[in-house]
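Here the structure comes first, spelled out in structure tokens, and everything after it is commentary.
Values in this text are rule-based calculations from the coordinates and carry no lab data. Keep in mind that what you see is a predicted model, and the values were worked out from it rather than measured. Cβ sites come from the backbone with ideal geometry, for glycine too, and all protein chains shown count toward neighbours.
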Amino acid sequence: MAEIGFYHLTATPLERALPKLLERTLDTGQRAVVLAGSDERVQALNGLLWTYEDRSWLPHGSSKDGFDEDQPIWLSAVEGNPNGAAFLFLTDGVTIDDLTAWSRVFDLFDGRDDAAVAAARTRWKAARDGGHSLAYWCQTDRGGWEKAG
């Protein structure tokens, strides 16, 4: 079973929170797949990870870049694990049927969007019913994370 963390974005948007979580992922020696809701969103995230800070960038790629097995972070709108990642980041309310292939799943959702919050609650219930280990993370005012409950 996967360890699934639900990340309730309230202080910063996905575009500011995701790079920091991916930095931590790489710092632990893990690889990640980021699953987005569309190819356009993948391309936006692709550009973001090169430019999110003046002195930082994250090594990553997508199907347009190729060399999937060499990419520490893989961006996609299509389910799969071409880079052998252990961590999966779900954005834009995207879901997948089988979470058991991942050791950790990060479900990031916009806390300022009532529909996104309601959908996250539904995903939480489904994951709980599926027997996964769950954690709920609240974003602090400064953009960090606190485990709740």
Count of the range 75-92 residues which are acidic (Asp, Glu) and under 12 Å from the mean Cα position of the chain (by Cα): 1
Quick one: in the range 19-49, of everything that is surrounded by fewer than 16 Cβ atoms within 10 Å (Cβ to Cβ) and of a type in the set (Ser, Thr, Tyr), which residue is farthest from Phe109 (Cα to Cα)? Thr28
Only one residue in Thr100, Thr51, Thr95 is under 14 Å from the mean Cα position of the chain (by Cα) and closer than 20 Å to Val34 by Cβ, so which one is that? Thr95
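Given Asp114, Asp110, Asp70, which one is acidic (Asp, Glu) and closer than 24 Å to His132 by Cβ? Before the answer, list the steps.
Numbers: Asp114 fails: closer than 24 Å to His132 by Cβ; Asp70 fails: closer than 24 Å to His132 by Cβ.
Result of the check over Asp114, Asp110, Asp70: Asp110.
Condition check ((1) under 16 Å from Thr25 (Cβ atoms); (2) in contact (Cβ under 8 Å) with a residue 24 or more places away in the chain; (3) among the polar types (S, T, N, Q)) across all residues:
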{"position": "Glu40", "(1), (2), (3)": "no, no, no"}
{"position": "Tyr52", "(1), (2), (3)": "yes, yes, no"}
{"position": "Ser56", "(1), (2), (3)": "yes, yes, yes"}
{"position": "Ser63", "(1), (2), (3)": "no, no, yes"}
{"position": "Gly66", "(1), (2), (3)": "no, no, no"}
{"position": "Asp70", "(1), (2), (3)": "no, no, no"}
{"position": "Leu88", "(1), (2), (3)": "yes, yes, no"}
{"position": "Gly93", "(1), (2), (3)": "no, yes, no"}
{"position": "Trp102", "(1), (2), (3)": "yes, yes, no"}
